[in-house]
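Chemist: The structure follows.
The values are calculated or read from the model by the stated rules, or taken from the named source; none is laboratory data. Being a predicted model, the structure only gives us computed values, none of them experimental. No Cβ is skipped: glycine too gets one built from the backbone with ideal geometry, and neighbour counts run over all protein chains shown. Each accessible area value is taken on the protein alone, full model and side chains, heavy atoms only, with ligands, DNA and RNA left out. Shrake-Rupley method; radii C 1.70, N 1.55, O 1.52, S 1.80 Å.
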Amino acid sequence: MSRNQCVIVSLVAAAIITGLLYIQPVKIMEGYDLARMHFFYKSDFRAAILAGKIPWWNPYAAMGRPFLADIETATLYPPNWLVIPLGVTTGIWTMIGLHLLSAIEGVRRWGERFGVSRIPALATGISFALSGALLGRLQAGQLQVFCVICLWPWVCLSGIRLQEETGARAVVQMAFWLSLSFLAGSPQILWCGLIVIGTFLMARSSSGRAIVRLLLRLVAAGAFAIGLTAVQFFPFAELIRQGNRPLHQLGFATIGGETGLSWLTLLLPPGAWLPINGEFNLYGGGIFLLLACMAFGTAIRNRDGRGLLAAGLTGLVLALGAHTFILPALARWVPGFSGVRYPSRYALASVMMANLLAIWWLNKLQQEKKIGNKVVAFSLVAQGVVLILGLFVQASIYRAPPVPENGTQLKHDLLSERLPRDGAPPRVALPASILVADAGASLGVSTVSGFNNPALSRTWNALYIIANAPAPDFHRAEVKDDVILKLNDRPDYFGLSAVIKMPGNRIYFAPPPAPRAFVCFSATRVSDATEAFLKIRQGHDFIHDALVEQPLSFQKIGQSAPTGHAEIAQFSRNRIVVNCTLTAPGLLVLAESWYPGWTGTIDGLAPVPAVPVNGWMRGVVLPAGTTKVVFDYLPTGWWLAVATSVFSSLTALFLWCYSKQEPTPATL
């Protein structure tokens, strides 16, 4: 079979697997994360682009949050752009098919690099594409996680080239695949894969000197990748700094390791008989796993086999989480390990390694005439059959609660009540059983929470402190329904236009007690946002006496009772225009979430950074008189990021065109 024929077969296999996913009982589009987050992200992205706007900001979820900076939106990931011409649903299915093709072809070429003939290598790629380790992510709705895993084989192939060749082209190629994997939208999964792939590369190194050389070249490729993706990396780093995810919390990084029963999924698919958390699904077809175990004695004496074996075992050990001392020690002392949630994800790459180790061993036995073609063919067919059966068996553990379909009625009710009346999208605090938090943009409403990872720490803490509820230590993407219901007691602070009352879950509509934009002539200094939240929970009048965290330039100047009025004249994704009239200098407060990069331009003068007010709101100081204030958002350091990405791209192009490649001394 020629290489072109292999690509055609891979394409057909990817199409068939996509079809199997389409007809399975639990629909992919109903997967938890996809139905509650990714579908709306892609809808918002498509709507913004078709309207001619860059989606810097999302004013409809969680009282406003960055959009492009949120890596899970995959805004700058090229395959994500398919939703623009194809529509969201068709675009997602096309993405799935193309990534399955990527996974199959990547594993096939990796196998061929080990000397495996094309047909068995192709079958191994199909085996990995059918595994629960890969498709289980998709059945759970974790679309961007699935995309990153499909790129792992290409990252590893680039690592092998980086190891075996000198010159800059191998570094550039590695940087390209790292960049693409980062833009795909799941840095945590990329990290888990890199740890296992790095172990593979080091274990197959010929000497300590070769390991040092490899690590230096990997660092160079990583730095190059950061430069290439600076337009995404810099805004994402800012979001991490402002987010609610801990970067150095031992418990956060080690909870959720594989347990006794979940290890059974290495051999058998989970399902009704084994109702485990879908995060622990490692099903890779028991046949290849058994073959990989049988290869132990032979693999340890071979460079490639040793690398696969070491990498697979590393992923399995790290997947134990807090059940061993290894991951806790790494999380305590090595940067990066402490920020990853669900240690079980390290073992996903082990499934890929097991597939390759199994076919490597079968190929070696076949070359040594210890087994014939029929044994190899039977193993490959049996592996495929059990994986296809497993796909349908494991679907039951990914069945998610149905997404509520109240959006159209809510939108109609708001319109019938002539809301909004303050120029901004009406804000609601409704539980997930009534409204999906990320559906705001499609309905034209603003929600107080979102299904976001990470959430902004200011808005996240505001919700829990005002509700007088303890914030969760582990699950930090969604706000609990009981907390959402308590927020309805403070429609003034959150500017709610719809309030739900118990019992009966009745929704009442009214203009918010406090306008979205208002003027203060008095301010009290607080040490941080938490102090502001506590004061407001205790009854502080934040409308007339703003709580600020830094000295402001305005003060009362003799007028005993200054007056002011603010009215929103324009409200759009990245810009809000407010017309104001003040009889004395004061503070314009906008009840939208504060975030670095928001500026206020007063009457066309130089923009000034917005300041945090009342814990999570944003504000600017105004002079007396009639003014027009334009709030604009652009990620901080954006033009530096653009310059860095352009320079890195031009440098990569130059090095690719003019660098010579030669084998390293270890491979001569």
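Chemist: In terms of Cα to Cα distance under 16 Å, which aspartates and glutamates are near enough to LYS411, apart from those fewer than 8 places away along the same chain?
Modeler: ASP438
Chemist: List the lysines whose alpha-carbon lies under 22 Å from that of LYS27, not counting same-chain residues fewer than 8 positions away?
Modeler: Partners within reach: LYS42.
Chemist: Can I ask one more? List the lysines whose alpha-carbon lies under 28 Å from that of LYS628, not counting same-chain residues fewer than 8 positions away?
Modeler: LYS628 reaches LYS53, LYS556.
Chemist: Against the longest principal axis of the chain, how steep is helix 187-203, in degrees 0 to 90 to the nearest 10, with axes from Cα atoms?
Modeler: 30
Chemist: Okay, moving on. [x] 168; [y] 217; [z] 157: which one is volume of the Cα convex hull per residue in Å³ as calculated from this entry?
Modeler: Among [x] 168; [y] 217; [z] 157, the one calculated here is [x].
Chemist: On to the next question. Rounded to the nearest 5, what % of the DSSP beta bridges within the chain are antiparallel ones?
Modeler: Details: 46 of 53 bridges.
Bridges in the chain are about 85 percent antiparallel.
Chemist: With angles folded into 0 to 90 degrees, how steeply does helix 118-130 sit against the dominant principal axis of the chain? Use alpha carbons for both and round to 10.
Modeler: 30
Chemist: I want the local charge near SER344. Using Cβ-Cβ distances under 15 Å, sum +1 for each Lys or Arg and -1 for each Asp or Glu among the other residues.
Modeler: Net charge in that neighbourhood comes out at +1.
Chemist: At a 10 angstrom cut-off on C-beta neighbours, averaged per residue, how do the peptides 64-72, 294-302 rank from highest to lowest? Before the final figure, lay out the partial values.
Modeler: Details: 64-72: 24.4, 294-302: 15.0.
Going by the mean number of other Cβ atoms within 10 Å, highest first, we get 64-72, 294-302.
Chemist: When the accessible area of the stretch 148-200 is computed with all protein chains present and a 1.4 Å probe, what percentage of it is carbon and sulfur? Intermediate results must be reported in sequence, preceding the final value.
Modeler: Details: 750 of 1060 Å².
Carbon plus sulfur share of accessible area: 71 percent.
Chemist: Rounded, prolate or oblate: which one fits the stretch 403-484, using the alpha carbon gyration tensor with axes a ≥ b ≥ c (rounded when a/c is under 1.5, else prolate when a/b beats b/c, else oblate)? Before the final figure, lay out each step's value.
Modeler: Values: a/c = 2.23, a/b = 1.78, b/c = 1.25.
Prolate, since a/c reaches 1.5 and a/b exceeds b/c.
Chemist: Percent of Cα-Cα pairs more than 28 Å apart in the stretch 169-318, please.
Modeler: On the way: 4138 of 11175 pairs.
Summing the P(r) tail past 28 Å for the stretch 169-318 gives 37 percent.
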